[in-house]
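The values are calculated or read from the model by the stated rules, or taken from the named source; none is laboratory data. Note that the structure is predicted; figures quoted are calculated from it, not measured. Using ideal geometry, Cβ is built from the backbone for each residue, glycine included, and neighbour counts are taken over all protein chains shown. The area values use the complete protein model at the heavy-atom level, side chains included, leaving out ligands, DNA and RNA. Shrake-Rupley method; radii C 1.70, N 1.55, O 1.52, S 1.80 Å.
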Amino acid sequence: MPDTELAQSLTGTAAAATASPRYFVRFTRQQRYMHAVLFTTFLGLAATGLVMRFSESFWARKFAAGVGGFGAILFFHKLCAIVLTIAFLIHVKEVFQRGLLRREKGIFWGSTSMVANWKDVKDLFGHMRWFLGLGPKPQFERYAYWEKFDYWAVFWGMIVIGFSGYAMWFAPFFAHFLPGWALNAVLVIHSEEGLLAILFIFSIHFVNTHLRPDSFPMDMVIFTGVESEEEFSHKRPLEYKRMVAEGKAESRLGIAPPLWLVNFSKVVGALAIAIGLMLLVLTLTAYFS
Amino acid sequence: MILAARNRIRLSSCHGTLAAAIAVLAFALEPGAIRAQDCLTCHGDATMTDSNGHSIAVDGQRFASSIHGSLQCSNCHADIKGYPHPDKIAPVQCETCHADQAAQLKTSVHADSKDHPCTSCHGNAHEIFPKTDARSAVYPLNVPKTCGQCHGNNGMAGKHGLPSVYPNYIDSIHGFALSKEGLLVAANCQSCHGSHGILSHTNPQSPTYKSNIPKTCGNCHAKIEADYEQGVHGHAVAQGNLNAPVCSDCHTAHAILQPTESEFRMQSTPICGNCHKDKFSTYRDTFHSQLGSLGGYVETARCWDCHRAHDVRPASDPASPINQANLVTTCGRCHAGANLSFVQYQPHANARDRKLSPGLYFVRLFMNLLLACVLTFFMIHTILWLIRSRYSQVKNKAANGGKNA
């Protein structure tokens, strides 16, 4: 039975796409909101953080003067930091609740997990071979290796940047258990890791996830939560095949995103990408001048 | 003598007016002293000019109220013995009476002045008032404008390549106190430069010679001068080290700003950095500097917030705010709750110096390597991916019309 359904789905993909395409849920509402909070606060943190990092550049002073001086900049930076910290804690709580308390499968290991596995290593090399025309394109699972990297980069980044940031914010308190030189080190760590995050998200993540030909100009799935059957089966063929094989296609069916949501997502996404690219240009000009 | 005068009048028939006749009568009545009233008979005419068109009119009323009002014309115009007098008369020698001032002037930077040196500053010779009189060109509130006639944008400054100091001064804290508040005690040009014997700042006798500046400023700012002399800069200057800064090196000479305002706080840290290059460079790596450079009113620590401004002392001095024993107090002025561990923070740590700050050095090295490796790898990865997927997309489009790569 699953085999015939698989066959039907695979052959019927093109026909379904032309008639009324089916949409499958990839991200829950909570995950989408989490991403929205993440990128909004990240843009806020990046914009205010860069101004402090490159405070001697001409645009930093103009920006600071425009929003009410360094006091305002620091206030927004801390505000975004608190919101992002709360989001991070909610996410960690969610992961442990699902993985440890509810014993949900596929959270810490397996094909749907964010944890890297041997297939990711093989996929990385396979993908690179494909870049060079030396092999076939790897078949990706629910989360491809670069998506896992994005996730863990943000996870590690939030711990590192968060800790170093709070250590600066509450320096006299952290001084109780940190050596003196660590108070110097936290600024280096905070600004370098922040710079890495900014450069990575605004160049690598933007291109890998949104601007590459498969998704250009942007991948809407993080905004709408659903993607068309054609896109799903093309981008994540292994997950698609597994879903069909396990007969779970029906349960994952979503509704086609309403037009307002698509348009709203386009505006928000384009704005985020535009702000990000602008910050990237400013960062690079400040860094190399 | 009367006869001679009469003869001359007869000869110069063009002067044969009633006024002249009265003047002559007056000369005749009181030989030897020519009274102002007599000269004003002609020179009182406000339109009177010499053959070059220059005004030779005198306002009798203002002259009478001036400091020289009790004098007679011939006291100064000594070569005029009677009427009529020659067209060309000798320049007035102020030094006849003002010998001290003239002597000072001869040694000053204004000694070779081509214009009449006295009137250049004191104004119209017939309307000179005491310097305590608001009408005087050298009344404290008028001094900057008077000097600014030459030392402003359009005067000597432009012609002789001197710095145009008037605009700097007038926008300075001294200039504001003088022009806006009308504070007579506010420093004007002559408070620092003197008046008649102004010397170049390269002359060791000059009050603006580098090593004399603390004393000059100290005439008003006595406490600050005393503080300064206690500090390392004051000691160095006193010992003849002219590389050490004096007041004007940090505050500038003319464009002096209110030191508690952000504009001065913004500009003065790099001034310390002119000499303390390594300290400035390491300071710039800190959060203090990063926030501080944003402008506006910025409370983050600048050099003098920790080192003090005038009474700068080495860390080894127990009276120094950066002495180990005083650090908790010094840091605690901004950082409530600062403790002994907190003050181990290095406000001038150098992440590039492995020997001085090894921990910081390796943290920075690790972070830089992380940054470089991640970005380099993914940059290559992404570019190759972009090329490859665009290639596939074009190929697939040609094959089946799909947009997938």
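Calculated on the alpha-carbon coordinates, the convex hull of segment A:21-287 measures out at 164 cubic angstrom per residue. Of the residues B:M266, B:M379, B:M156, which exhibits the maximal mean-square fluctuation in a Gaussian network model of chain B defined by a 10 Å Cα contact cut-off? So, out of B:M266, B:M379, B:M156, the one fluctuating most is B:M379. Rounded to the nearest 20, the size of the Cβ-charge dipole of segment B:275-349 about its Cα centre is 80 debye, with Lys and Arg at +1 and Asp and Glu at -1. Going through the cross-link list A:K62/B:K210; A:K93/A:K137; B:K131/B:K159; A:K248/B:K395, which pairs have a Cα-Cα distance over 31 Å in this structure? Over 31 Å apart, Cα to Cα: A:K62/B:K210; A:K93/A:K137; A:K248/B:K395. Plainly put, segment A:87-157 has a radius of gyration that is 1.08 times its Kirkwood radius, both from alpha-carbon atoms, as the Rg/Rh ratio. If you run the Gaussian network model on chain B, springs between alpha carbon atoms under 10 Å, then out of B:H251, B:H193, B:H348 the most flexible one is B:H348.
As a ratio to 2.2 N^0.38 Å, the alpha-carbon radius of gyration computed for segment B:98-204 takes the value 1.05. What is the distance in Å between the Cα centroid of segment A:82-124 and that of segment B:32-90? So the separation of the two Cα centres works out to 103 Å.
Please report, in debye to the nearest 20, how large the charge dipole of the protein assembly as shown is about its Cα centre when each Lys and Arg carries +1 at its beta carbon and each Asp and Glu carries -1 there. All intermediate terms of the calculation are to be shown ahead of the outcome.
On the way: 61 positive and 49 negative charges, 475 e Å.
With only Lys, Arg, Asp and Glu charged at Cβ, the dipole is about 2280 debye.
B:S316 contributes an accessible area of around 100 Å² to the protein surface, as traced by a 1.4 Å probe with all chains present.
A 1.4 Å probe run over the protein chains yields, for the protein assembly as shown, 56 Å² of accessible area per residue, whole-number rounding. Taken as entire DSSP H runs, the helices of chain A that both span 18 Å or more between Cα atoms along their own long axis and average -1.0 or more on the Kyte-Doolittle scale are A:2-18, A:29-53, A:69-96, A:118-131, A:145-169, A:180-199, A:259-287. The heavy atoms of A:K93 offer some 110 square angstrom of accessible surface to a 1.4 angstrom probe. Accessible-area loss of 30 Å² or more (1.4 Å probe, protein heavy atoms, chain alone versus all protein chains) is found in segment B:301-346 for B:N339, B:S341, B:F342, B:Y345. With distances taken between every two different alpha-carbon atoms, segment A:170-265 has a Kirkwood hydrodynamic radius of 17.3 Å.
Roughly how many percent of the accessible protein surface of segment B:251-326 is carbon and sulfur, given a 1.4 Å probe and a whole-percent answer?
Values: 2170 of 3730 Å².
Exposed carbon and sulfur together represent 58 percent of the surface.
The calculated 222 nm mean residue ellipticity attributable to helices in chain A amounts to -22000 deg cm²/dmol, summing -39500 (n - 2.57) over DSSP H runs of n ≥ 4 and dividing by all residues. Take each residue in A:126-138, count the other chain C-beta atoms within 10 Å of its C-beta, and the mean is 3.
Of interest is the spacing of the C-alpha centroids, which for segment A:195-228 and segment B:132-185 amounts to 63 Å. At the listed q of 0.12 Å⁻¹, the Debye profile of chain B, built from one uniform point per Cα, gives log10 I(q)/I(0) equal to -1.06. The Cα center of segment B:218-276 and the Cα center of segment B:95-131 differ in position by 34 Å. Per-residue ellipticity at 222 nm, computed for chain B from helices alone with -39500 (n - 2.57) per DSSP H run of at least four residues, works out to -13500 deg cm²/dmol. Each of A:A175, A:M243, A:L282 was placed along the dipole of segment A:21-287 (beta-carbon charges, centred on the mean Cα), and the one lying farthest toward the positive end is A:M243.
Every Cα-Cα pair of the protein assembly as shown was included, and the share exceeding 46 Å stands at 50 percent.
Probe radius 1.4 Å, ligands and nucleic acids ignored: give me the carbon and sulfur share of the accessible area of segment B:135-181 as a rounded percent.
On the way: 1490 of 2740 Å².
Solvent-exposed carbon and sulfur of segment B:135-181 make up 55 percent of the total.
Computed from the Cα positions only, the extents of segment A:162-207 along the three principal axes stand at 43, 15, 11 Å, in decreasing order. Mean partner shielding of peptide A:70-83, defined as the number of other chain Cβ atoms within 10 Å of each residue Cβ, is 2. Under a model in which nothing but the beta-carbon of Lys, Arg (+1) and Asp, Glu (-1) is charged, segment B:243-395 shows a dipole of about 920 debye around its Cα centre. Comparing mean-square fluctuations of A:E239, A:E230, A:E104 from a GNM of chain A with C-alpha springs under 10 Å, the top value falls on A:E104.
When the P(r) is computed for segment B:192-271, the part past 14 Å accounts for 65% of the Cα-Cα pairs.
What does the average come to when, for each residue of peptide B:369-382, you count the partner chain Cβ atoms lying within 10 Å of its Cβ? The partial results should precede the final answer.
Details: counts 0, 4, 6, 1, 0, 6, 6, 0, 2, 10, 5, 2, 9, 9.
The shielding value for this peptide is 4.
Quick note on segment B:132-256: its Rg to Rh ratio, both from C-alpha atoms and Rh being the Kirkwood radius, is 0.98.
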